[in-house]
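Following: one structure in structure tokens, then a few remarks.
No value in this document is a laboratory result; all are computed from the given coordinates. Quick caveat, the model's predicted, so the values are computed rather than measured. No Cβ is skipped: glycine too gets one built from the backbone with ideal geometry, and neighbour counts run over all protein chains shown.
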Amino acid sequence: MNASLPPDDVAAVQQCERAYNKMRDELSKVIVGQDEVIEQVLIAVFARGHALLEGVPGLAKTLLISSLAQAMHMSFKRVQFTPDLMPSDVTGTEVIQENLETGGRHYQFLPGPLFANLVLADEINRTPPKTQAAMLEAMQERQVSAGGTMHKLPAPFFVLATQNPLEQEGTYPLPEAQLDRFLLYIKVDYPSGAEEWEVARRVTSGELGKIEPILTGEEIIAIQKLVERVPVSDQVLGYAWTLVRASRPNTPEAPDFVNKWVSWGSGPRGLLTLITAAKARALLYGRYHATVGDVQAVAAPALRHRIAPNYTAQAAQVNSGKLIEMLMEKVSAEKKYEKPAA
């Protein structure tokens, strides 16, 4: 397989790399550090997927997403999820309107905050499952149904959701099937000592800069289409395929630790996510094809919500992140991979 882009796309790849660098520069005016989180969020956007960011309160998850919206010249809405939020509060609803001239009445659909290019679903795990389901259905289908009529969501459309760790009080854990709708599950960790010092200095002295828009919706759609054209060699595909197959317990490919510690492994969507996210990451760094290194870089956010540790693993304090590390140590990147026989 020819692992290179057509010559016409070379300039587009270089433009994508420049846009990524500009985005990072703009976000650095407000966000200190979190380079890996920023990279993964942009991978999700360019791969036409949604992302879930998890971290304890106060780690600037909401600020990061709202700052990203400022760096993109398109519509942005924020939904603060609460226990009393209803599905229609998010998707929109039909109301009766009266014609002042004729006196007739008719139903009119009033769009909810989902009808925007970028939607910040803040603390999505603090709303009941019924509202979560309505939200995630729209994410999957990219449309909303009301009164028997389908209403298309704008393009591009992506949801960046935040949640606090599930052990926090007053949360409704997202079911695994709904978690799977997110392309990437991104962990936001505490800043380093130097970064936290700089955060305190900037915020308390009022030195936060103003973010200028870098990308339009049309440019993001063009990048998303470019991601689809990025080629993937059989070696890269085979490595990602083996990672996913090895994550499933009681299968011929599963290592002993998977059979011991994993309740269920990644499905085919995990493989699609690995490949698509690896292609998007290659573009961010100005490369014309995805590599095994790209797959390894996105493996954790792509698979951590698609591999479930069992009770034995939890008792041994082995989480999905640790299992992914062990899988990457087990699966060789140097082995020659070929398409399996039918």
Which of T216, T273, T62 fluctuates most in a GNM of the chain (C-alpha springs under 10 Å)? That residue is T216
For the chain, longest principal axis from Cα atoms; helix 268-284 axis from its Cα atoms; angle between them, nearest 10 degrees, is 90 degrees
Expressed in angstrom, Rg and Dmax over the Cα atoms of the stretch 24-180 are 17.2, 60
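Please pull out the direction-averaged projected area of the chain, using the convex hull of its alpha-carbon atoms, in nm² to one decimal place.
Values: hull surface 88.7 nm².
Here the figure is 22.2 nm², rounded to one decimal.
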With -39,500 (n - 2.57) per DSSP H segment of 4 or more residues and division by the full residue count of the chain, the 222 nm estimate, nearest 500 deg cm²/dmol, is -13500 deg cm²/dmol
If R0 = 51 Å, then E36 and I96, at their Cβ-Cβ distance, give a FRET efficiency to the nearest 0.05 of 0.55
The orientation-averaged projected area of the Cα convex hull of the stretch 230-342, in nm², is 7.0 nm²
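Semi-axes of the equivalent ellipsoid for the stretch 103-173, please: Cα gyration tensor eigenvalues, times 5, square-rooted, ordered largest first, whole Å. The partial results should precede the final answer.
Details: eigenvalues 152, 44, 20 Å².
The equivalent ellipsoid of the stretch 103-173 has semi-axes of 28, 15, 10 Å.
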Using alpha carbon centers only, the stretch 57-95 is separated from the stretch 96-149 by a whole-angstrom value of 14 Å
Expected vector for the stretch 127-138, Karplus 3J(HN,Hα) from phi with 6.51, -1.76, 1.60 and θ = phi - 60°, integer Hz, x for Gly and Pro, equals 10, x, x, 4, 6, 4, 5, 4, 5, 6, 5, 5
Tilt, helix 10-27 to longest principal axis of the chain (alpha-carbon atoms), in degrees rounded to tens, equals 70 degrees
Once the in-chain neighbours fewer than 8 apart are removed, the aspartates and glutamates whose Cα is under 16 Å from K152 read E94, E137, E141
Relative contact order as a percentage, the stretch 15-228, C-alpha pairs under 8 Å and 6+ apart, gives 34 percent
The helix 292-303 Cα axis meets the longest alpha-carbon principal axis of the chain at an angle in degrees, between 0 and 90 and rounded to 10, of 50 degrees
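With the convex hull built on the Cα atoms of the stretch 154-284, state its orientation-averaged projected area in nm². Intermediate results must be reported in sequence, preceding the final value.
On the way: hull surface 51.9 nm².
Quarter of the Cα hull surface area: 13.0 nm².
Quote the relative contact order of the stretch 200-269 in percent (integer), defining contacts as alpha-carbon pairs under 8 Å separated by 6+ residues.
Working: 34 pairs, mean separation 13.4, N = 70.
19 percent.
In whole Å, what three semi-axes, largest first, describe the equivalent ellipsoid of the stretch 217-285 built from its Cα gyration tensor (square root of 5 times each eigenvalue)?
Semi-axis lengths for the stretch 217-285 are 31, 12, 8 Å.
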